[in-house]
Amino acid sequence: MIESPEQRGESPIPEHGSGGGARRRGGGVSRLLIWYGELTTQRRLSLRGVAFILVPMAWLVGFLILPSAALVAVGFAERGAYGEIRWSFTLENFRRLLGFGLFDWSADYLWILGRSVWVALVTTVFAVVVSYPLAFFIASRPPRRRYLWLALVVIPFCTNMVIRTYAWMLLFSQHMPFARLAHLLGLIRAETSLYPSVWAVYVGMVSSFLPFATLPLYTSVERLDWSIVEAAEDLYASKRRIFFQAILPQTFPGLTVAVILTFIPAMGVFVVPDMLGGAKTMLVGNLIQQQFGASRDWPFGAAVSLALMVLTLAGLFWLRRRGEGAEWV
Amino acid sequence: MDRPSAESASPAADRLRKGFASGLRFLKSFPADHNLRPATADSIVAGMATFAETRSALCVEGVCKSFGEVQVLTDIGFEVSSGEFVTLLGPSGCGKTTLLRILAGLELADRGRVMLDGREMTGIPANRRPVNTVFQNYALFPHLSVRENIAFGLRSRRFSESAVAERVGVALQILQMESLVGRYPHQLSGGQKQRVALARALVNEPELLLLDEPMSALDAKLRAEVQIELRRLQRRLGKTFILVTHDQDEAMTVSDRVLVMSDGRIVQSGTPAEVYERPVSRFVAEFLGSANLISGSRVNGHVETIHGPLSVSGSPGWSRGTLAIRPERIRVCSRRPGMNGVSARVREVIYRGDHMDLFVEPGALRVRTAPRADLRAGATIWLALEPEYLVPLSD
Amino acid sequence: MGMRRGKPLWLTVPAYAALVFLYLPMLAVGVFSVNAGRHGFGWKGFTLEWYGRLLQNSQVLEATRNTLILAVVSTVVATVLGTVLAIGMSRFPWPRRWRGFLDFAVYLPVVTPDIIFAAALVVAFGLLRAVSAAFNPGLLTMVIAHVTFQIAFVALVVHSRLVTIGRTLEEAARDLYADTPYLLRRVMLPLLMPGIVAGAMLAFTLSLDDFVISFFTAGPDSTTLPIFIYASVRRGVTPELHALSTLIFLATVLLVLGLERLMWLSTRQEAKG
């Protein structure tokens, strides 16, 4: 069970363990340590740790990290005549994304990128606005009811997005009351459905991503310290001031998470604009799908994917900085 | 051991006594072919019969421990006799819990060694040490019933089902928990959890029981009761107990010996009376109860202070230093006492029901006395600071 | 200080409005799935004919089979790998740099839009196809893809459970003479079980919920239900499609209610334990 203290080995664990329990005994000769109540040696412990993570990490490296690296590499390659990849190092794909075509400059792709960011932002704002009162409502229910409400919010979200979007198509089709109402209001022509349109896309996206905003907001609302609100009431603060100074700041962490969780999938969405939108609402997701599908232009598809990743990460970093700043207020 | 005892005045103690008696009968009736490890079963019965015999059960030598740059324990050394109840007393962060964890095998000392019954413990993992622990928050297994929690240590050593049932039964009886067996930890009160934790440790008949602030989660009234019960339990079982606490009352109540710790060192060791009445330093004097500290300088056999010259029994080892005297050791006299008399004016009187606290001038002395109607603020009184209670401190 | 009770109108109205917003589309689908009229939107009476026809539709049955195989196989693999990974990550003193890499690998699928991940796998499988025909689009590639993003979620759920369990219970078990196998069997596994089951159910739900990754990695013979519906919608909306969607929705409801029940039970245990 216990190895002799003389036994040594190269170990990934530093001499002073990172956890509270791992300590070295003796002046470097012995490597005995106690970890979670178990007397062991650094060597044994590291071997076991590696044994645990070996297979899952191999899987993640093989099917996640390396493919991501391959995607980056392909983004700098060229498309062959038959859609095959011709390995080279070219910035052509990115030039094309920026609008420098064979003949002249066009902003089509930039429009798509910009529209994607805009649609994701609008979706996020709507989702948060709808979720905020919902989160307060759920948190005000008795505990058993809260779980029921949370389940009610989560259930549609767990239904496949294709089905949910398809349901909206049905609801927005020409013979349904919504389309007729819109026609009566003079918004659309007779005998047309409400899709494809940018509004249909917004509705579909907000309903798809709502739980991403509701759940983190609910978590922070549930943990609200109401004594601060009561203190503010004692001090005759107006309702507005109470909300903005005693409630809102407390929900900032949840709000940040809500925005991040909604924004990321909204940036990469493909199903909703594909089914509820038209050519005018083409988003990055559709563009990527096109390259890997019909156009069979993997290098350009990879380049667009990289652009999407960069945009998402940029948004994340911006939000994190904003989030950190908010906590200092 | 089974003699009727004056302590068993309360029905609880009586039940305890009966429970123990039957437990002991049961233990003595152990057939030899029980799958107990011989070291455990035999030594327990033997140990119980001869608990009064004093031999060093635990010996700690030169233990040092640091976490990174922070030196938590410095050259800790002490011995504990078999059947002794020792308390490690100190403020939080003094290293007492770390020391306990080293004894339990949950932490490794950087240097020094721990001997249990003459056996070096350093290379022995926690799960092979004949030592059990009552953890601070009890660490009961939430998915196991009270019975299974208590049986855990027996089952992990592959005791037979009947041995487990019998031992658990005895433990339940000793701690009067028969009615709780089917419950789960989340269905127990703080006091009940503590009993389960105690039973879970004791059922293994450890040579050494460690208790890490076992009362800290209990309310004050319950705590006082449990302390006395714990003390009686230890006496009856004759086991070696080491308790960690920051509560000096607790330490006084339960222990045979108190080791006062400060900044990773043992600063004083002795019976509760010794450490209370003869503190060696300001820290000990002030950490255990309240103390009047009087600074002075030694002049020909007595100490010159702002209260005048005071005689001290035994010569202080300094020329300028501090004397300590407990408030309740200062006697209030109506006329000048024969020795070490101090004239004082009562500045403030605080009535506490069973006693009175007086704050007197000059020198801000605090005096504790039986309640008396004639002591009012402004009264002039005589105080006797008797030499035997004036303790010269080392610092 | 708890959340204050009471039902102010300004909270109740938006909450129920949100529910309507979430459920109205599915309700419409459900209604039309039992409408006897094949064309048009008028109510022509109640029928279960469309549900019956689904059972005779070999494409639907095939897609259902594929969907379930994909979900079950990927969930089993991902649950095992994710649990092992979570234990490996949180129960060993990894140096800072290793720890950072492990975190990166686990969080990557969580913060990446799924379409990028799908694109990366298309590229990777495309390159691997040169090595082995096993990487031709089909159920195998889909299982690999699903497991890859499920691992992360399982690992995160199990990891948070491990953090909740903490160090003391393990130390207590050691103090009570438990050797490693006994500790794992009698303490860690039962305590981890709620986390593992929750992780598995999350993985299962994610697999059923996924469209993009399946769509990118599927082959001609590995059509799943979402892919089938997506393709069918392009050809026009039919009552059978309504029936199929309603069934899938109802199955999801049962799944989520089961998960909810489980989480409720485990949090209640923790709250009191």
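The values are calculated or read from the model by the stated rules, or taken from the named source; none is laboratory data. A quick note: this is a predicted structure, and the numbers were derived from the prediction, not measured. We place every Cβ from the backbone using ideal geometry, glycine too, and count neighbours over all the protein chains shown. Remember, those area values only see protein heavy atoms, side chains included, never the ligands or the DNA or RNA. Shrake-Rupley method; radii C 1.70, N 1.55, O 1.52, S 1.80 Å.
Brief remarks follow.
- Here C:Gly52 clears all of (1) without any contact (Cβ under 8 Å) to a residue 12 or more places away in the chain; (2) part of a helix (DSSP H, G or I); (3) surrounded by fewer than 21 Cβ atoms within 10 Å (Cβ to Cβ); (4) within 14 Å of another protein chain (Cβ to nearest Cβ) except the condition numbered (4).
- Test: B:Val280 is outside any helix (DSSP H, G or I), surrounded by fewer than 22 Cβ atoms within 10 Å (Cβ to Cβ) and either in contact with a Leu (Cβ under 9 Å, 6 or more places away or on another chain) or assigned by TED's automatic domain parsing to the domain that holds B:Ala384 (or both): yes
- Considering residues of region C:157-171 that are in a helix (DSSP H, G or I) and open to solvent by 50 Å² or more (accessible area, probe 1.4 Å) only, the residue nearest to the other protein chains (Cβ to nearest Cβ): C:Thr168
- Taken over region A:101-121, the residue count meeting the criterion of being under 19 Å from A:Leu308 (Cβ atoms), aromatic (Phe, Trp, Tyr) and either without any contact (Cβ under 8 Å) to a residue 24 or more places away in the chain or open to solvent by less than 30 Å² (accessible area, probe 1.4 Å) (or both) is 2.
- Residue within region C:61-73 that is small (Gly, Ala, Ser) and either over 30 Å from A:His175 (Cβ atoms) or at the interface with chain A (Cβ under 8 Å from one of its Cβ atoms) (or both) present: yes
- When the criteria are applied in full, A:Leu110 fails the requirement of being at the interface with chain C (Cβ under 9 Å from one of its Cβ atoms), part of a helix (DSSP H, G or I) and either modelled with pLDDT of 90 or more or over 16 Å from A:Val201 (Cα atoms) (or both).
Residue-by-condition table, conditions (1) more than 23 Å from C:Asp114 (Cβ to Cβ); (2) in a helix (DSSP H, G or I); (3) open to solvent by 40 Å² or more (accessible area, probe 1.4 Å):
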position	(1), (2), (3)
A:Val61	no, yes, yes
A:Leu64	no, yes, no
A:Pro67	no, yes, no
A:Val74	no, yes, no
A:Gly83	yes, no, no
A:Phe89	yes, no, yes
A:Arg95	yes, yes, yes
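- Scanning region C:192-223 for residues that are surrounded by fewer than 21 Cβ atoms within 10 Å (Cβ to Cβ) and within 8 Å of another protein chain (Cβ to nearest Cβ) yields a single hit, C:Asp209.
- Residue within region B:72-84 that is part of a strand (DSSP E or B), of a type in the set (Val, Ile, Thr) and either open to solvent by 10 Å² or more (accessible area, probe 1.4 Å) or not assigned by TED's automatic domain parsing to the domain that holds B:Ser56 (or both) present: yes
- Scanning region C:62-111 for residues that are within 25 Å of A:Leu313 (Cβ to Cβ) and open to solvent by 20 Å² or more (accessible area, probe 1.4 Å) turns up C:Arg96, C:Arg97, C:Trp98, C:Arg99, C:Gly100, C:Phe101, C:Asp103, C:Phe104, C:Tyr107, C:Leu108, C:Val110, C:Val111.
- Condition met for B:Gly270 (without any contact (Cβ under 8 Å) to a residue 24 or more places away in the chain and farther than 18 Å from B:Ala104 by Cβ): yes
- Residue match in region C:28-41 (condition: more than 11 Å from every other protein chain (Cβ to nearest Cβ) and among the hydrophobic types (A, V, I, L, M, F, W, C)): yes
- In region A:168-200, the residue that is nearest to C:Gly42 (Cα to Cα) out of those that are in contact (Cβ under 8 Å) with a residue 60 or more places away in the chain and open to solvent by less than 80 Å² (accessible area, probe 1.4 Å) is A:Phe172.
- Lone unmet requirement of (1) more than 25 Å from B:Ala220 (Cα to Cα); (2) of a type in the set (S, T, N, Q); (3) within 10 Å of chain C (Cβ to nearest Cβ) for B:Gln136: (1)
- In region A:151-167, the residues that are more than 7 Å from chain C (Cβ to nearest Cβ) and open to solvent by 10 Å² or more (accessible area, probe 1.4 Å): A:Phe157
- Failed item in (1) outside any helix (DSSP H, G or I); (2) closer than 30 Å to A:Ala51 by Cβ, with C:Gly82 passing the rest: (1)
- Test result for C:Leu24, at pLDDT below 85, within 7 Å of chain A (Cβ to nearest Cβ), surrounded by 12 or more Cβ atoms within 10 Å (Cβ to Cβ) and in a helix (DSSP H, G or I): no
- Residue satisfying all of: in region A:201-238; part of a loop (DSSP other than H, G, I, E, B) and within 20 Å of A:Phe137 (Cα to Cα); most open to solvent (accessible area, probe 1.4 Å) among these: A:Arg223
- Test result for A:Ser140, more than 17 Å from the chain's Cα centre (by Cα) and either open to solvent by less than 10 Å² (accessible area, probe 1.4 Å) or facing chain C (nearest Cβ under 9 Å) (or both): yes
- Listed by position, the strands (runs of 3 or more DSSP E) contained in region B:288-364 that have at least 3 residues being over 18 Å from B:Asp395 (Cα atoms) are B:308-311, B:331-333, B:341-351, B:356-361.
- Looking only at region C:246-269, and only at residues there that are open to solvent by 80 Å² or more (accessible area, probe 1.4 Å) and among the charged types (D, E, K, R), the one that is modelled with the highest pLDDT: C:Arg261
- Qualifying residue in region B:171-181 (condition: part of a helix (DSSP H, G or I), in contact with a helix residue (DSSP H, G or I) (Cβ under 7 Å, 6 or more places away or on another chain), closer than 16 Å to C:Asp175 by Cβ and not aliphatic (A, V, I, L, M)): no
- Residue list for region B:147-168, filter: closer than 22 Å to C:Glu171 by Cβ and outside any helix (DSSP H, G or I): B:Ser156, B:Arg157, B:Arg158, B:Phe159
- Residue check, A:Thr124 within 13 Å of chain C (Cβ to nearest Cβ), touching a residue at least 12 places away in the same chain (Cβ under 8 Å) and β-branched (Val, Ile, Thr): no
- Scanning region C:95-129 for residues that are among the small types (Gly, Ala, Ser), under 22 Å from the mean Cα position of the chain (by Cα) and at the interface with chain A (Cβ under 7 Å from one of its Cβ atoms) gives C:Ala105, C:Ala119, C:Ala120.
- Members of region C:172-191 that are over 22 Å from C:Ala152 (Cα atoms), assigned to a helix (DSSP H, G or I) and within 13 Å of chain A (Cβ to nearest Cβ): C:Ala172, C:Ala173, C:Arg174, C:Asp175, C:Thr180, C:Pro181, C:Tyr182, C:Leu183, C:Leu184, C:Val187
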